[in-house]
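Bear in mind that the values in this text are calculations on the coordinates, not laboratory data. All values derive from a computational prediction rather than experimental measurement.
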Amino acid sequence: MDPVICCLLGICCPPASPEQREAFEAQLTLHFNGDTAKAKAVCESCYADFARATKKIAAAIKKAEKKAS
């Protein structure tokens, strides 16, 4: 899996960690063609919801991995 996607989904970077937030903001910056002000504004406005969602994804992945063992 692409390391950036892995981090954004909370699979390799802990959900709600500084590393995940940095990856999220970096991807937003790329989306806005380097406009860090727009990226920071979007990140600020929705990061808490994003982090909650990735916590759910990470928990579901761990649960599924345990079932597979």
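So for the chain, if I pair up every lysine 8 or more residues apart or on another chain, how many of those pairs have alpha-carbons under 26 Å apart? The number of close lysine pairs in the chain is 8.
Each stretch of four or more DSSP H residues adds -39500 (n - 2.57); spread over every residue of the chain, this sum gives -26000 deg cm²/dmol at 222 nm. Angle of helix 36-68 to the longest C-alpha principal axis of the chain, folded into 0 to 90 degrees and rounded to 10: 10°. Among the listed values (i) 1.06; (ii) 0.95; (iii) 0.99, the one computed from these coordinates for Rg/Rh (Cα atoms, Kirkwood Rh) is (i).
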